[in-house]
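So the structure is just underneath, and the comments pick up after that.
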Amino acid sequence: VQLQASGGGLVQPGGSLRLSCAASGSILRFKAMGWYRQAPGNERELVATITSGGSTNYAGSIKGRFTISRDIFKNTVYLQMNSLKPEDTAVYYCNGVTPRGDNYWGQGTQVTVSS
């Protein structure tokens, strides 16, 4: 299974972006999918996850501003990012974890929040 992330770009503070993660096969093969991000000099951190049952989880720093969702028929997971802040600047990666614990990663998409 391959994951293809897209949707990043340059946006002003307070703006919005929607990231997409398209899977080459059914996303229901994963027990959970999610978005992580890594800023320069920092470790990769969890942003949001969604389980195969549809339950969601968010990092405290983005709660209320970002929303993770999915379209099972399009095999795509989304991350809607609103009220973006400069500290949200990072490379965003999508991830899928299978029931046996195998991790799949997308290639990353750059999000830059700057005026």
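The values are calculated or read from the model by the stated rules, or taken from the named source; none is laboratory data. This structure is a prediction, so every number in the text was calculated from the model and none was measured. Using ideal geometry, Cβ is built from the backbone for each residue, glycine included, and neighbour counts are taken over all protein chains shown. Keep in mind that these areas ignore ligands, DNA and RNA; they rest on the heavy atoms of the full protein, side chains included. Shrake-Rupley method; radii C 1.70, N 1.55, O 1.52, S 1.80 Å.
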Which strands (runs of 3 or more DSSP E) does segment 1-64 wholly contain that include 3 or more residues that are touching a Lys or Arg at 6+ places or on another chain (Cβ under 8 Å)? 32-38, 45-51
Just checking, does segment 86-104 include any residue being closer than 18 Å to GLY7 by Cβ, open to solvent by 30 Å² or more (accessible area, probe 1.4 Å) and over 15 Å from the mean Cα position of the chain (by Cα)? no
Looking only at segment 26-59, and only at residues there that are over 17 Å from VAL97 (Cβ atoms) and open to solvent by 70 Å² or more (accessible area, probe 1.4 Å), the one that is modelled with the lowest pLDDT: PRO40
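Looking at VAL113, is it closer than 17 Å to LEU17 by Cβ, at pLDDT 95 or above and within 13 Å of the chain's Cα centre (by Cα)?
No.
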Would you pick out the residues in segment 60-77 that are open to solvent by 30 Å² or more (accessible area, probe 1.4 Å) and either under 12 Å from the mean Cα position of the chain (by Cα) or not basic (Lys, Arg) (or both)? GLY60, SER61, GLY64, THR67, SER69, ARG70, ASP71, ILE72, PHE73, ASN75
